[in-house]
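S.K.: Have a look at the structure that comes next, please.
Where a number appears in this text, it was derived from the coordinates with a stated rule and is not lab data. None of the values given here were measured: they were computed from a predicted structure. No Cβ is skipped: glycine too gets one built from the backbone with ideal geometry, and neighbour counts run over all protein chains shown.
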Amino acid sequence: MFCFVDFRNRPQYKYTFSSRERAREYLRKIQNNSLGATVIHADGRREYFASGLSKNLLDSQSNIQIKKGCHVKYKIRPLAVLDGIAPTQKEKTKPSPANWKTRKASPLFMLGNLKFSTCLIVISLIAFSSVYFFQKNMGQPAAAEGAVLGAMDSQTDGSQAGPGDNESIALDMADTDVILNLIGKIDDERHADFREEILQYVKGRPMEAMAPAIAKQPRIVAAFLVGIAMKESKFGTYAPHLDGRDCRNYWGFKGGGTTASGGYTCFDSPEEAIQVVGRRIARLVDGGRTNPAEMVIWKCGSSCSWDNPENVRKWIADVGVNFYRINNGKENS
């Protein structure tokens, strides 16, 4: 456990975290929060309020200074038992078929999908059977190595392989096709499950046609696609049109090409829209923008200083409603 301490090394128990990384992330968040305020008391104490000051505090305190933003020099240090908070011990969970969806189960069930695990076992058995068959029927004694090499040379010169060789090659190719087909079916089932999850949010709206393409995106990208579309266009209900045709631009995306009024890009198909916009969001995610507060660049550009802070706060909150619901379900990666 970790917590913030002030300049007098006093623990701030309202700020406790399970890891140092979480503490650093939250410290950066409050330092960049333009809606917060810092109260400086007469004795030098400083208190930070993330959501502004209450009227009761202002009425009860007279000799104080108020500064916008965070002006408290917090440091991060581990909590000791002497601080009054002992580290918690996580209860160990025994793996079983009943808890295969949890991440506390054994590695066999950590794939997050029982069907996926079953298919991997089937693939392993097929691969083992193929190797066993090859070694049993195609293996040659070491003494016959020269004859085998000679036979290969003669085949290279133009002679055809025997019936037994052709049969073995055909069986090997058949096993490869079976494995590839099983892998394809696993991907199809995973995308189908994720598509049904996406439809819970967009069914009955213009964006419903994009659900299959969204389901093929990484989960965090899909979460942003749904979250931003809800805020910008109500899943396509209010979207730009060109010559009476839906531009399929539900995110306020301006990327050139054919454009409607206001410079919004028009797409020829739902698949093209998801491919182009999803690629842009994926680049931002790779750059470290992994939550709505960091993705606010989509609304403001390089800086939100020109916008009303309340509008910025509402954009982050509205996008986060569906983003966190979808991104928290980690079954699809």
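S.K.: Which ³J(HN,Hα) values in Hz, rounded to whole numbers, follow from the phi angles of the range 263-280 under the Karplus curve 6.51 cos²θ - 1.76 cosθ + 1.60, where θ = phi - 60° and Gly and Pro get x?
M.R.: So the Karplus estimates, Gly and Pro as x, are x, 7, 5, 9, 10, 7, 8, x, 5, 5, 4, 5, 5, 6, 5, x, 5, 5 Hz.
S.K.: Right, next: If we count every other residue with Cβ under 10 angstrom of Lys73's Cβ, Lys/Arg +1 and Asp/Glu -1, where does the sum land? The partial results should precede the final answer.
M.R.: Working: positive: Arg46, Lys75; negative: Asp6.
Combined, the nearby Lys, Arg, Asp and Glu give +1.
S.K.: Output wanted: per-residue J couplings in Hz (rounded whole) for the range 313-324, from phi through Karplus 6.51 cos²θ - 1.76 cosθ + 1.60, θ = phi - 60°, x for Gly and Pro.
M.R.: In residue order, the calculated couplings are 4, 5, 4, 4, 5, 5, 5, x, 4, 8, 4, 6 Hz.
S.K.: Using modelled amide H (1.01 Å from N, peptide plane; none on Pro or chain starts), what sits under 5 Å from the amide H of Phe4, excluding residues fewer than 5 places away?
M.R.: Those lying under 5 Å, H to H, from Phe4 are Gln12, Tyr15.
S.K.: What ³J(HN,Hα) values, in whole Hz, does the Karplus curve 6.51 cos²θ - 1.76 cosθ + 1.60 give for the range 228-234 when θ = phi - 60°, with x put for Gly and Pro?
M.R.: 5, 4, 5, 6, 7, 8, 6
S.K.: Highest mean first, what order results for 38-46, 217-225, 270-278 on Cβ atoms within 10 Å?
M.R.: Those peptides, ordered most packed to least, come out 217-225, 270-278, 38-46.
S.K.: Chymotrypsin sites (Phe, Trp or Tyr not before Pro), restricted to the range 261-333: which are DSSP loop and have at most 13 other Cβ atoms within 10 Å? The partial results should precede the final answer.
M.R.: Working: sites: Tyr264, Phe267, Trp298, Trp306, Trp315, Phe323, Tyr324; in loops: Tyr264, Phe267, Trp306.
Hits after loop and neighbour filter: Trp306.
S.K.: How would you rank 7-19, 191-203, highest first, on the average number of other Cβ atoms within 10 Å across their residues?
M.R.: On the way: 7-19: 12.3, 191-203: 16.9.
Output ranking for 7-19, 191-203: 191-203, 7-19.
S.K.: Continuing with the same structure: Let me spell out the model: positive unit charges on the Cβ of Lys and Arg, negative unit charges on the Cβ of Asp and Glu, origin at the Cα centre of the range 193-333. What dipole size does that give, in debye rounded to 20? Show your work: numbers first, answer last.
M.R.: Values: 19 positive and 16 negative charges, 43 e Å.
Using only the charged Cβ atoms, the result is roughly 200 debye.
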